[in-house]
Amino acid sequence: MNLKVDSWQIQQAWELAWRTRFCPPDQLITADDLPAEAVAHLKSCPSCRRRGELGKAGEAGEGLPGLARPLAKPEDAGEELKPGQIRSLAPGLAGWGPKHRYYDPPVVLILELSPSLPNGVLVAQTYHDPALMGQGDVALGRFRFAEPWNLYTLHRENLGRLHGEVDQPTVELVWEAGQEAAPQEPEWSPQFLFRQMELEVACFFSAGAVLSLMAEYENAAALAQGTLSAAADYPLADGRAPLGPAWEGEAPEDLPACLARLGLKAPPAAQLAEPSDIFFLAEPSVRKMALAAANADSGPLLPVMAFRLQEGRPVSFEYLRARLTDLVRSPQLVLGGKLTSLLEGGERWRAEFRWLDEDGKLLKSRAGGFTCPEAEPASFWASFSVDAAKVADVVQRLYVRLFRVQEKQA
């Protein structure tokens, strides 16, 4: 293998990726009266300066290869969204963004229609040049690959033309790879820089999806709650009242003893920013953790603890597991998931969500929702006022606790 030739090819591929993701169409850089964003972009992009000069001189510049912007399938009209489809984002989403870059809509692979957000669609970003494939990437034919380390949720209206489909085993392979820790490429290698670029593109387009999905949530919450704010700390999407001070206010003095009787070790008081943190930071016994692990399915799952309460005290709990099905990292963090088993008691359960920040502090969810039908596993989603664009250990930082208040036995 000629390493010099390979290195040159990868460098060429990276430069093409930059143009594909961040350079505007010719008409935006050849006009006589350029907008401020175009002027700033031309100062930092030699390729676009050359294209602009050639365009003004009446010469054709170097365009992008056809694979960068694939043709839509002729039978695309009226095609319903479904997992396995390879689609471009709607052209109208393109526009100027941070760092004087023009963000071109990428092509994505649909992994799942969200069970927790009515209009959410979980996707994996894709790219067309195998020269930039790295650890963990999944080939989608000869000329495109999926990026399992770059999953995010879009609004269904963000999806544009259909370009092809892959089978369900490939969808599952991408999804399962996305649950693993992101593989690390050598820092400052072309692949590393490419992945940073791809994450920036994902954040730009998922940010708009967050705004749309949150606006819909707030509208629904406003209808359900009247004048009650949808931005309350407790999830209010379905119009239920919060559990109140019985668990979330002053903790009973014997709460650590109650947890100990259930095989849980209460955290030191110094770790508790507020009384309710005790339910999120309590540690299970080694034996119970071993039993839970023995029953776990393959692949990383989110641990969930479901407490039954009487007069604010936990009288029993059970281990549950959930898979993440939605993820938007920026500008706000939105996470959605679905339990892997049925939860007895349906509508009587409430959910609380916390996010462990870089300083070790538990942050309350800004908003969230929990749906527990009788015939299928419950689903949930939560939003946090944090930007997690570069956070890899998402599953380890999200805490989900379920609570059910039950009458005291006579």
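The values are calculated or read from the model by the stated rules, or taken from the named source; none is laboratory data. Keep in mind that this is a model prediction, so the values were computed, not measured. Here Cβ is always computed from backbone atoms with ideal geometry, including for glycine, and neighbour counts include all displayed protein chains. Heads up: the accessible areas ignore ligands, DNA and RNA and are worked out on the full protein's heavy atoms, side chains in. Shrake-Rupley method; radii C 1.70, N 1.55, O 1.52, S 1.80 Å.
Selection of region 104-157 for residues being aromatic (Phe, Trp, Tyr) and farther than 22 Å from Gln12 by Cβ yields Trp149, Tyr152.
Which one is modelled with the lowest pLDDT, of the residues in region 89-100 that are open to solvent by 20 Å² or more (accessible area, probe 1.4 Å) and part of a strand (DSSP E or B)?
Of region 89-100, the ones open to solvent by 20 Å² or more (accessible area, probe 1.4 Å) are 90-94, 96-100.
Going one step further and asking which of them are part of a strand (DSSP E or B), we end up with 96-97.
On the way: Trp96: 92, Gly97: 89.
Applying the filter and picking the extreme gives Gly97.
Note on region 11-45: among residues that are more than 21 Å from Ala94 (Cα to Cα) and surrounded by fewer than 17 Cβ atoms within 10 Å (Cβ to Cβ), the one that is modelled with the lowest pLDDT is Asp32.
Residue by residue, here is whether (1) on the phi > 0 side of the Ramachandran plot; (2) basic (Lys, Arg); (3) assigned to a loop (DSSP other than H, G, I, E, B) holds:
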| residue | (1), (2), (3) |
| --- | --- |
| Tyr102 | no, no, no |
| Pro105 | no, no, yes |
| Val108 | no, no, no |
| Glu112 | no, no, no |
| Arg142 | no, yes, yes |
| Glu147 | no, no, no |
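Inside region 361-382, can you point out the residues that are without any contact (Cβ under 8 Å) to a residue 40 or more places away in the chain and of a type in the set (Gly, Ala, Ser)? Give the steps one after another, and end with the answer.
Taking region 361-382 as the starting set, the residues that turn out to be without any contact (Cβ under 8 Å) to a residue 40 or more places away in the chain are 363, 372-377.
Correct list: Ala375 only.
A count restricted to region 124-136 and to residues that are under 19 Å from Glu180 (Cα atoms), of a type outside the set (Gly, Ala, Ser) and at pLDDT below 95 stands at 2. Among the criteria (1) under 30 Å from Tyr102 (Cα atoms); (2) open to solvent by 20 Å² or more (accessible area, probe 1.4 Å); (3) modelled with pLDDT under 75, the one Ala237 does not fulfil is (1).
Please return the ranges of strands (runs of 3 or more DSSP E) entirely within region 304-410 where 3 or more residues are more than 22 Å from Gly263 (Cα to Cα) and within 12 Å of the chain's Cα centre (by Cα). Before you say what the answer is, go through the steps one by one.
Numbers: elements: 313-328, 333-339, 350-356, 362-364, 367-371, 379-384, 398-405.
So the answer is 313-328, 333-339, 379-384.
Only one entry of Leu211, Leu199, Leu162, Leu193 meets the criterion of being of a type outside the set (D, E, K, R), within 24 Å of Asp104 (Cα to Cα) and at pLDDT below 80, and that entry is Leu211. Quick check on region 142-150. Is at least one of its residues more than 17 Å from the chain's Cα centre (by Cα), more than 22 Å from Trp18 (Cβ to Cβ) and at pLDDT below 95? Yes, that holds for at least one residue.
Scanning region 125-166 for residues that are aromatic (Phe, Trp, Tyr) and within 21 Å of Leu324 (Cα to Cα) returns Trp149, Tyr152.
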